[in-house]
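Notes for the one structure printed next.
Just so it is clear, none of the values below were taken in a lab; they were calculated from the coordinates. Predicted, not measured: the structure shown is a model, and the values here were computed from it. FYI the Cβ positions are ideal-geometry reconstructions off the backbone, even for glycines, and counts take in every protein chain you see.
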Amino acid sequence: MEKPHILVSGAGIAGPTLAFWLHRAGFTVTIVERSPKLRASGQNIDIRGHGLTVIERMSLQDEVRAKKTNEKGLRFVDARDHCRAEFPVGDGTGFTGEIEIMRGDLAIILYEATKKDVEFVFGDYVTGYKESNDGVEVEFANGQPTRKFDILIAADGWSSRTRKIAFPDKNDSCVKSLGQWGAWFSLPWQPSDSGWARWYNAPRGRMLLVRPDNERVTRASMWIIHDSKKFQEAQQANEQDQKQLMKDLFADAGWEADRILKEMQNADDFYLQHIAQIKIDTWSRNRVCLLGDSAFCPSPISGMGTTVAIVGAYVLAGEIVQHWPDYAAGFEAYERKMRPFVDKAQKLAPGAPALANPQTQWGISILYFLLGLVAWIRLDKIMGASFSPPATAMELPDYGTLRLKTQ
Ligand SMILES: Cc1cc2nc3c(=O)[nH]c(=O)nc-3n(C[C@H](O)[C@H](O)[C@H](O)COP(=O)(O)OP(=O)(O)OC[C@H]3O[C@@H](n4cnc5c(N)ncnc54)[C@H](O)[C@@H]3O)c2cc1C
């Protein structure tokens, strides 16, 4: 009997994780990735709770741990770089996860773990598809002939083009703005960067964050509460114009803003992103199913995006395999099991992100006073995870040795 053939759109984190498990169960998997090569970029991401358990079940924990950034924790600092509240890494349930890794390192680890067994097609993407009783006929952008697959999984990130094709009626309304924008880029390390993440608030909803990586490069990000058209326009503009916008907005921010803005001009990994969540009332339609950020991006401020993507990929693979050939029942079980976990991951701290990014110096003083108090009496420990929702807030299914029943 011919093996079922699954097409996955997107070779980020969720796509290769799903492919790993489906291949192991006996499926044939093709991943189509829009970028001409693996996008091994991005900054510090967290793998928490069940995300780590899935990594362990893939036997990739040693590779992942070897790439940890070893961030010591988070310090809130004032304009003179004095620490006003300190949250050490501890057990990894706070701001700094147990596993902090550069996104690119994780993407490479997952690619290396799958590339022998999975067909990767780089520099192409899905432009349309036709469904029939026995499969889905997929069209691609780069003129390769249409190809037939059993099902199509959209794991192509929060602005998923495949989602747009499958859910034209829901695509615009599923992007929920959090009213904040962020820009990310790298800086040369300097001694003040130490091994701690440093968070600095400036009035008018601005925040600067610098974090260590494992190669003595400092990863910086600039965040601003802003819901004006300026950023919508900037998203379509070129990189120089985007950098200029951030420069204008942060020029008088204080602390290390001068250094960060100067280095931003030379950064070749700059990117600007709208801080938003993806919330859509169903993750599948016929033979197409959404996964990872494409289905349920919780936003970078949740600290949970990578964990839910990895767990979601494992659960989707498990349910597809267990229900095959009834893929619809598999999609339904995946959504039923994952929804409550995703809902918790998307539940941000009350008032986030506005309360953590006050508009006035007075508001910042109150925020730092409260954070100092929380850090001093270790209220974050008493209350459990203070910065991100528990990453074990579901019973993780154990699919054992995944095998197609027909084999
Ligand atoms: C370049 C990059 C940098 C990132 N940096 C950070 C970061 O610094 N901090 C953080 O918290 N999160 C970051 N993220 C997001 C983070 O990786 C995800 O939130 C999370 O890991 C979920 O992964 P995902 O696989 O669902 O999506 P992603 O990791 O976004 O992967 C989606 C993949 O799909 C590809 N793709 C996009 N459109 C198409 C298309 N039409 N057809 C085929 N493929 C397509 C993308 O190139 C990418 O490889 C970044 C994502 C990317 C792509």
Neighbourhood charge, 9 Å Cβ-Cβ cut-off, centred on Ile280 and excluding it, Lys, Arg +1 and Asp, Glu -1: +2
For the range 271-350 versus the range 168-203, the gap between their alpha-carbon centres in whole angstrom: 22 Å
Projected label distance in nm at Ser192 and Asp172, using a 7 Å step from Cα toward the beta-carbon: 4.6 nm
Computed [θ] at 222 nm, helices only, for the chain once each DSSP H run of length n ≥ 4 contributes -39500 (n - 2.57): -10000 deg cm²/dmol
The range 194-334 - percent relative contact order, Cα under 8 Å, separation 6 or more: 13 percent
Relative contact order computed over the chain (Cα-Cα under 8 Å; 6+ residues apart), in percent: 22 percent
Leading residue at positive end of dipole, the range 30-98 (Cβ point charges), from Leu74, Leu60, Pro36: Pro36
Given charges at beta-carbon only (K, R positive; D, E negative), |dipole| of the chain in Debye: 380 debye
For the range 17-118, size of Cβ-based charge dipole, Lys and Arg +1, Asp and Glu -1, in debye: 320 debye
Tensor-based shape of the range 199-318 (alpha-carbon gyration tensor, a/c under 1.5 rounded, otherwise prolate or oblate): prolate
Net dipole in debye of the range 220-355 [+1 Lys, Arg Cβ; -1 Asp, Glu Cβ; about Cα centre; nearest 20]: 460 debye
Mean Cβ neighbour count within 10 Å, used as a protection proxy, ranking 46-57, 134-145, 70-81, 327-338 highest first: 46-57, 327-338, 70-81, 134-145
